Structure formats: C-alpha cells, structure tokens
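The values are calculated or read from the model by the stated rules, or taken from the named source; none is laboratory data. Note that the structure is predicted; figures quoted are calculated from it, not measured. Don't worry about glycine lacking a Cβ; one is built from the backbone with ideal geometry, like all the others, and counts go over all protein chains shown. To get the accessible areas, we keep the full protein, side chains included, count just its heavy atoms, and leave off ligands, DNA and RNA. Shrake-Rupley method; radii C 1.70, N 1.55, O 1.52, S 1.80 Å.
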Amino acid sequence: KAVVSTQSTGGRRRTLLASQAGTVLSLLAVILSVNLVDRSNDHYVPIPDYVSEECRATQCTACIASPHCGFCFFNTTYGSTEGYCLDATAAGHSLLDRCEIAGGYFQSSYCPSQSNYMLLIAMAAFVIFFSLGLAPVPFMYASEIFPQRYRDLLTGLSISTYYTLTAIVNLAFGFLYPILGISNMFLIFLSITLAGFLFTLIFTPDISGRSPETIHLVFQEPWCKCGGSSSGRHSEYSTILSSPEHCD
C-alpha cells in the first residue's frame, strides 16, 4: 500500500496575507514620508524667469523626477529648506552654475529633508514584508495547486507570467514616474497590493494538512454549499467559503 506524505501548508496562506498587509502599510508609510519631504521643502522662493518649462515644478520630488532638473535649496533656521527647481547639466550641476553662484546647494538626485530617515525605514519595511511572503509564497502555491499531470506546464506558465508582469512594472515605473510623481506611483502599487490582499482573503482556500497529490481537489469543490453535504471522496475538501450567506 502506497504511503502518501502530507505537509502543513496552511501557514503559507497566513504568511501571504501577513506579507500583503505589511506591504500595504509600508507603502502607506512611503507615501506619507514623501509628502512630509515635500512639505519640508514648501517654502519656495519665486522661480526665476530663466528656468525652462520642464523644470517649473512646485514640489521637490516632482523636480528631481526629471533627468534635466534639480533642486536648488537654502537652509533655514527652522530646520526646513527653501528653494526652487532649476535646469541641470549632465554632470549634475545647475545650468551655468546659477544655484552655486546664488549661494545655494544643488541636488538632482534627492530632496533634503529630515523625513528622509522615515522614508528609508518605510522602504526597508516594504522590502522585508515583500520578501517574507509576496516573493516566495506564490511560487510554492503554483507548484501545489495544479493537478499532477499538468503541474509542470502550468507552473511554468505561472512563473513566466510573474516575471513578465515584473518586467512591465519596472518599465512602467521608469516611464510614468516623471509624469505622475513618486507619490502617485506608490499609490498605484498600494491599490494593486490591496486588491491582491482581498483576493487572497476571499478566494484562496486553506490547504493545511493536504498532501501535494490532493491539494488540487480543494479547487474542484464549489465555493459554497447550500444545504446538504457533499458525498463521495471529495466531501472532506471543502472551501473556506462554506457558510450559507455566501450562497446565491
């Protein structure tokens, strides 16, 4: 008689939900940090007439989003900064050294702010939460939920889809970041992650205690049972949505 090995897989769903929830909170912290950075640089002086249209940004993060612009800032006695957006050279200096001549400090890669530490912590939390669940768990799920005879093909298709969408996100970020701004880009990522969290919470069943050979049977059951009980060998593989209120 063949012995079927089992493994505890219910923790993967919980890990994925925890990772998605932590990623959502981290993205919220990133958006808040970016707004705080812009608020600490909101004491703007009038933009000089010689600044090009591309560099007439009203926020520091929007200014440095353009590869041809940078922020010329001056320290104040209140811990914040004031300044304006200027055209930049390929070497990272202000065009014709206008910022340096005026006694300012020119930066084309970051916005000076005490809130940068909060932004750094939020980004680190995002990487940690993403690495704990969103990165590895989908690969494990894909290798378990498909029937044995189609597992290799469907797992390959799932992984190919994952990397294709990752490439699209990387390309879209570089293209849309100068247009939408850093806060709106992370808001889009937050919305997608929140949608994934809700999908996992509602539609992903608990497969704890199932063997790799029988996990796919969970997905053959209806999403809910309306009266009566299932018969046959599939009766034990009910989904998490088995309460009557989920039935039409």
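Overview of results
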read-out	value
Extreme residue, modelled with the highest pLDDT, among residues of the range 30-67 that are assigned to a helix (DSSP H, G or I) and surrounded by fewer than 18 Cβ atoms within 10 Å (Cβ to Cβ)	L32
All positions within the range 177-188 that are of a type in the set (A, V, I, L, M, F, W, C) and open to solvent by less than 50 Å² (accessible area, probe 1.4 Å)	I182, M185, F186
Subset of the range 152-211 [at pLDDT 90 or above, within 30 Å of C55 (Cβ to Cβ) and small (G, A, S)]	S191
Residue check for C99: open to solvent by less than 60 Å² (accessible area, probe 1.4 Å), touching a Phe, Trp or Tyr at 6+ places or on another chain (Cβ under 8 Å), under 25 Å from C60 (Cα atoms) and without any contact (Cβ under 8 Å) to a residue 40 or more places away in the chain	yes
Filter pass, I159 being in contact (Cβ under 8 Å) with a residue 40 or more places away in the chain and assigned to a helix (DSSP H, G or I)	no
